[in-house]
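Engineer: Here it is, the structure in full.
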Amino acid sequence: MSRDRRFDILFEPLKLGPVIAKNRFFQVPHCNGMGHARPRSHAAMRGVKAEGGWAVVSTEEVEIHPSSDLSPYVEGRLWDDADVPALALMSQSIHEHGALAAIELVHAGMNASNLYSREVPMAPSHVANPASYAPAQARAMSKSDIRDFRRWHRRAAIRARQAGFDVIYVYTGHSLSLPMHFLQKRNNRRTDEYGGSLVNRVRLLREVIEDTKEAVGASCAVAVRLAVDELRGAHGIQAYDEGQEIVAMLAELPDLWDVNVSDWSNDSKTSRFAAEGYQEEFVRFVKTVTTKPVVGVGRFTSPDAMVSQIRRGILDMIGAARPSIADPFLPNKIQSGDVDDIRECIGCNVCVSGDYTMTPIRCTQNPTMGEEWRKGWHPERVPERTGDDTFLVVGAGPSGLECARVLGRRGYTVHLAEAGDQLGGRVTLESRLPGLAVWARVTDYRLHQLNMLQSVEILRRSPVSANDILEFGATRVVLATGAHWRRDGIGRANTDPIPGFDLSHSVLTPDDLYSGAAVKGPVVVFDDDHYYLGGVIAEKLLGDGFEVTLLTPADRVSAWTVNTLEQHAIQKRLLEMGVDVIVNNNLIEFDGSSVTMACCYTGRRATLPAASVVTLTSRLPNEDLALALREVQSAVDAAGIVSITSIGDCLAPSTIAAAVYAGHRYAREFDRALDDSVAFHREMPGIAT
Ligand code: ADP
Ligand code: SF4
């Protein structure tokens, strides 16, 4: 196929100062938990993006000096010449595919922990680190500190050019950099020429842009990433106030404006809280005050939406972090007319959790993300079949779907049997809950791919028993039968069943709600799971008209969603909707009309009226089939079945991302020789002598 003419504008080259972007697809900076610690993994991941057609591929934040040490977070690092080779590895792998390499130089100022370097953090004025409760403060910078910072930035820009970068960023975004801290009234209380009026607060940013242009501007484009609105009202920079004035003051200075909203949780809103293109209202003024190219983001996955951004004069380049993670080949798929093959980001922010947990990036939609170097996985290419095995995959949740897709792509004959009418397992069920509709893309993408594979047959309404498997005739069986929520209350807080849970029909699990069980109010949602679902169910029940209390032993609602940047938004939404939130309390008993709770610190008890309890504590694998097959091993052997393997939630319940990964991994690796060696390459620290 060839590209739809409607999308031609996305493939027009664009001049960025002294360099030329071959098209309008720009992978903006994004963290990945690999950075300076795993340079080969990092280089390979960015190289795959370049191969997938992005005209510009950027690093994440790259620390320019030991006083900007973001440890324990793993970001890029360019403290001195010793860091150049690792970054050169990345620029080379980008250049191999004809893309431009961009680097986001950062001095994190008061946001730097400096836990590794033990330098004293710096800020425009004396201030506590806003990003942690650490008992440490940043010191106010003297004029000589400002001169030092400018010199460090200039040197980093020169080193970045040596490392092969074509676009050098001055980073003023997310409230995570010194030039931004100088812009902010709340952090800049200086009385010298760097504080007070906006002209004075902009001075440092202007100087750093000028320094960078002077140092590398002849051969590199200088980009500014600016958060034009902090979404803090009058307490922060606002687009149609100082945001606009800042861009106007510096309008023609950089070669490229990369504009967004701050902080990171506002910039990378999940699909639960924002739709595609959600930043337009804040950034649309930018092109009216500068003639320089403008790039912006908005979780763009639809080529029509992208074209519209350019045609309507909002953006010149389509910026993407998450859409490029979910599908590194997004530009090439538009180019080749394969738009339906785009693996669209679902906006879940599991990718962000890699940075937050200081481990390599993972993606729900793209299980190869982060595995490009260490496992040699490619998002679009799979190894050819190595034998004549035939497969029966039982269960068409995310794990079974992905497993069947990759086995089919490898050329194997696969039957995918699903007990129910619908495919997609838990994703399909959860995507019907408030705010999660976009998650259905996990199923949609895979079904579309499966429908194009001749060698895969999907059998719906086909509950599979152990006998069915023995008679089926497949040489390999994959069990992807999922999991169910426990009804007895056992989880993190209660290691024994909760008294009363066994007696009452009024104790419901999410599975009961999916199958339409009757709920009586008032309802207590007991959330000892701590990811998104408890909060989503509270929201749904409130929407259904019930009086709802969310009770959790954690100190906040949906505690793990701190790692997906949503926790604050979830708790705010539930409180504003009228859900009663009780934290730091465990549910210890239910008598059919009330629950008894106990404070996690003091043990002090209290009761709450509850006609129903919805319990989310932990899940149990659906392992009956696996256990039944284990009982008949000789019949399994006699049937010529070489292997029976449980994958995804039916092995151990986890995230949707983990289920997809498990399906993908099985399909790639089932025919690998098993031994005790580590299943992936590791990057070992060099021991210099
Ligand atoms: P995972 O996240 O591991 O993919 P899910 O719970 O989302 O798991 O999906 C499991 C799927 O397996 C569900 O759609 C369920 O209906 C199906 N399933 C479970 N047991 C059987 C069985 N014995 N035969 C066929 N399908 C099954
Ligand atoms: Fe999108 Fe989720 Fe993948 Fe991140 S992890 S890129 S939000 S699908």
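The values are calculated or read from the model by the stated rules, or taken from the named source; none is laboratory data. A quick note: this is a predicted structure, and the numbers were derived from the prediction, not measured. Every residue, glycine as well, gets a Cβ built from its backbone with ideal geometry; the counts of neighbours run over all protein chains shown.
Engineer: Is it true that some residue in segment 315-324 is near ligand 2 (Cβ under 8 Å from one of its atoms), of a type in the set (Lys, Arg) and under 23 Å from Arg446 (Cα atoms)?
Structural biologist: yes
Engineer: Same structure again: Using the structure shown, decide if Gln422 is closer than 23 Å to Ser399 by Cα and within 16 Å of ligand 1 (Cβ to nearest atom).
Structural biologist: Taking the combined requirement at face value, the residue satisfies it.
Engineer: Which one of these is at pLDDT 95 or above and either over 25 Å from Trp264 (Cα atoms) or within 11 Å of ligand 2 (Cβ to nearest atom) (or both): Ser336, Ser302? Full working, then the answer.
Structural biologist: Working: Ser302 fails: either over 25 Å from Trp264 (Cα atoms) or within 11 Å of ligand 2 (Cβ to nearest atom) (or both).
Ser336 is the lone residue from the list that is at pLDDT 95 or above and either over 25 Å from Trp264 (Cα atoms) or within 11 Å of ligand 2 (Cβ to nearest atom) (or both).
Okay, residues lined up against (1) crowded, with 22+ Cβ neighbours inside 10 Å; (2) more than 29 Å from the chain's Cα centre (by Cα):
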residue	(1), (2)
Asp241	no, yes
Ile246	yes, yes
Met249	no, yes
Leu253	no, yes
Val259	yes, no
Ser268	yes, no
Ala274	no, no
Glu281	no, no
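Engineer: Next question. Any idea which residue in segment 293-328 is surrounded by the fewest Cβ atoms within 10 Å (Cβ to Cβ), counting only those that are small (Gly, Ala, Ser) and within 26 Å of Leu250 (Cβ to Cβ)?
Structural biologist: Only one residue fits best here, namely Gly313.
Engineer: Show the residue pairs meeting these rules: Cβ distance below 9 Å; 6+ apart or different chains; first residue within segment 477-496 and touching a residue at least 12 places away in the same chain (Cβ under 8 Å) and among the polar types (S, T, N, Q); second residue within 16 Å of ligand 1 (Cβ to nearest atom) and assigned to a loop (DSSP other than H, G, I, E, B).
Structural biologist: Thr481/Gly395; Thr481/Gly397; Thr481/Ala419; Thr481/Val464; Thr481/Asn622; Thr481/Glu623
Engineer: If you check Val57 against the conditions, is it at pLDDT 95 or above, within 21 Å of Ala227 (Cβ to Cβ) and crowded, with 24+ Cβ neighbours inside 10 Å?
Structural biologist: Considered against the rule, which asks whether it is at pLDDT 95 or above, within 21 Å of Ala227 (Cβ to Cβ) and crowded, with 24+ Cβ neighbours inside 10 Å, Val57 comes out as no.
Engineer: Name the single residue, out of those in segment 41-81 being more than 23 Å from Lys15 (Cα to Cα) and of a type in the set (Phe, Trp, Tyr), that is farthest from the chain's Cα centre (by Cα).
Structural biologist: Among those that are more than 23 Å from Lys15 (Cα to Cα) and of a type in the set (Phe, Trp, Tyr), it is Trp79.
Engineer: Across segment 615-670, what is the number of residues that are charged (D, E, K, R), touching a helix residue (DSSP H, G or I) at 6+ places or on another chain (Cβ under 7 Å) and more than 18 Å from Pro398 (Cα to Cα)?
Structural biologist: The qualifying residues number 0.
Engineer: Select from segment 520-551 the residues that are surrounded by 19 or more Cβ atoms within 10 Å (Cβ to Cβ) and either of a type in the set (A, V, I, L, M) or at pLDDT below 95 (or both) and list them in ascending order.
Structural biologist: Answer for segment 520-551, where residues must be surrounded by 19 or more Cβ atoms within 10 Å (Cβ to Cβ) and either of a type in the set (A, V, I, L, M) or at pLDDT below 95 (or both): Val523, Val524, Val525, Leu533, Val536, Ile537, Ala538, Leu541, Leu542, Val548, Leu550, Leu551.
Engineer: Here is a follow-up. Checking the structure you have, find out if any residue of segment 220-234 is of a type in the set (Lys, Arg) and within 26 Å of the chain's Cα centre (by Cα).
Structural biologist: For segment 220-234, residues of a type in the set (Lys, Arg) and within 26 Å of the chain's Cα centre (by Cα): present.
Engineer: Would you please name the residue that is surrounded by the fewest Cβ atoms within 10 Å (Cβ to Cβ), looking only at residues in segment 340-365 that are in a loop (DSSP other than H, G, I, E, B) and near ligand 2 (Cβ under 6 Å from one of its atoms)?
Structural biologist: Within segment 340-365, the match that is surrounded by the fewest Cβ atoms within 10 Å (Cβ to Cβ) is Asn349.
Engineer: Within segment 536-559, which residues are in contact (Cβ under 8 Å) with a residue 40 or more places away in the chain and on the phi > 0 side of the Ramachandran plot?
Structural biologist: Scanning segment 536-559 gives no hits.
Engineer: Determine whether segment 519-535 contains at least one residue that is touching a residue at least 60 places away in the same chain (Cβ under 8 Å), over 30 Å from the mean Cα position of the chain (by Cα) and not in a loop (DSSP other than H, G, I, E, B).
Structural biologist: yes
Engineer: Right, next: Identify all residues within segment 262-289 that are within 30 Å of Glu214 (Cβ to Cβ) and either touching a strand residue (DSSP E or B) at 6+ places or on another chain (Cβ under 6 Å) or aromatic (Phe, Trp, Tyr) (or both); write none if there are none.
Structural biologist: Within segment 262-289, Ser262, Asp267, Val283, Phe285, Val286, Lys287 qualify.
Engineer: Can you find even one residue in segment 597-606 that is surrounded by 20 or more Cβ atoms within 10 Å (Cβ to Cβ) and away from ligand 2 (no atom under 16 Å from the Cβ)? Please lay out each step first, then the result.
Structural biologist: Of the residues in segment 597-606, the ones surrounded by 20 or more Cβ atoms within 10 Å (Cβ to Cβ) are 597.
Filter once more, so that each one left must be away from ligand 2 (no atom under 16 Å from the Cβ): 597.
Looking for residues that are surrounded by 20 or more Cβ atoms within 10 Å (Cβ to Cβ) and away from ligand 2 (no atom under 16 Å from the Cβ), one finds at least one in segment 597-606, hence yes.
Engineer: Another question, then. Quick one: which strands (runs of 3 or more DSSP E) sit completely within segment 1-117 and have at least 2 residues that are in contact with a Lys or Arg (Cβ under 9 Å, 6 or more places away or on another chain)? Reasoning before the result, please.
Structural biologist: Working: elements: 14-16, 19-21, 25-27, 56-63, 100-106.
So the answer is 14-16, 56-63, 100-106.
Engineer: If I go through segment 659-689 residue by residue, how many of them are modelled with pLDDT of 90 or more, surrounded by fewer than 20 Cβ atoms within 10 Å (Cβ to Cβ) and among the small types (Gly, Ala, Ser)?
Structural biologist: Total meeting the criteria: 2.
Engineer: While we're on this one: So Asp229 ticks every box in (1) without any contact (Cβ under 8 Å) to a residue 60 or more places away in the chain; (2) over 23 Å from Ile570 (Cβ atoms) but one. Which box is left unticked?
Structural biologist: That leaves (2) as the condition not met.
Engineer: Any residue at all in segment 635-643 that's away from ligand 2 (no atom under 16 Å from the Cβ) and either modelled with pLDDT under 95 or within 15 Å of Gly482 (Cβ to Cβ) (or both)?
Structural biologist: No, there is no match, as no residue in segment 635-643 is away from ligand 2 (no atom under 16 Å from the Cβ) and either modelled with pLDDT under 95 or within 15 Å of Gly482 (Cβ to Cβ) (or both).
Engineer: Of these, Pro66, Pro121, Pro18, which one is surrounded by fewer than 21 Cβ atoms within 10 Å (Cβ to Cβ) and touching a strand residue (DSSP E or B) at 6+ places or on another chain (Cβ under 9 Å)?
Structural biologist: Step by step, each of Pro66, Pro121, Pro18 is checked, and only Pro18 is surrounded by fewer than 21 Cβ atoms within 10 Å (Cβ to Cβ) and touching a strand residue (DSSP E or B) at 6+ places or on another chain (Cβ under 9 Å).
Engineer: What are the pairs with Cβ atoms under 7 angstrom where one residue, in segment 460-475, is closer than 11 Å to Phe391 by Cα and in a loop (DSSP other than H, G, I, E, B) and the other, located anywhere, is away from ligand 2 (no atom under 16 Å from the Cβ) and of a type in the set (Ser, Thr, Tyr)? Sequence gap at least six, or different chains.
Structural biologist: Within 7 Å, the pairs are Ala474/Thr390; Thr475/Thr390.
Engineer: Another question, then. Can you tell me which residues in segment 310-339 are under 11 Å from the mean Cα position of the chain (by Cα) and in a loop (DSSP other than H, G, I, E, B)?
Structural biologist: Selection gives Ala321 alone.
Engineer: Do we have any residue at all in segment 469-479 that's more than 16 Å from ligand 1 (Cβ to nearest atom) and either under 30 Å from Lys269 (Cβ atoms) or aromatic (Phe, Trp, Tyr) (or both)?
Structural biologist: No, that holds for no residue.
Engineer: While we're looking at this one, here's another question. Assess whether Thr564 counts as being touching a residue at least 12 places away in the same chain (Cβ under 8 Å), surrounded by 22 or more Cβ atoms within 10 Å (Cβ to Cβ), polar (S, T, N, Q) and farther than 25 Å from Asp488 by Cβ.
Structural biologist: yes
Engineer: Restricting to segment 644-657, name every residue that is within 16 Å of ligand 2 (Cβ to nearest atom) and surrounded by fewer than 20 Cβ atoms within 10 Å (Cβ to Cβ).
Structural biologist: Ser654, Thr655
Engineer: Starting from residues that are crowded, with 24+ Cβ neighbours inside 10 Å and among the β-branched types (Val, Ile, Thr), keep the ones in segment 392-418 and report whichever is farthest from ligand 1 (Cβ to nearest atom).
Structural biologist: Val414
Engineer: Take segment 118-142 and flag every residue that is touching a residue at least 40 places away in the same chain (Cβ under 8 Å) and in a strand (DSSP E or B).
Structural biologist: The answer is Met122, Ala123, Val127, Ala140.
Engineer: Going by what's in this entry, would Asp511 be described as part of a helix (DSSP H, G or I) and surrounded by fewer than 19 Cβ atoms within 10 Å (Cβ to Cβ)?
Structural biologist: In short, yes.
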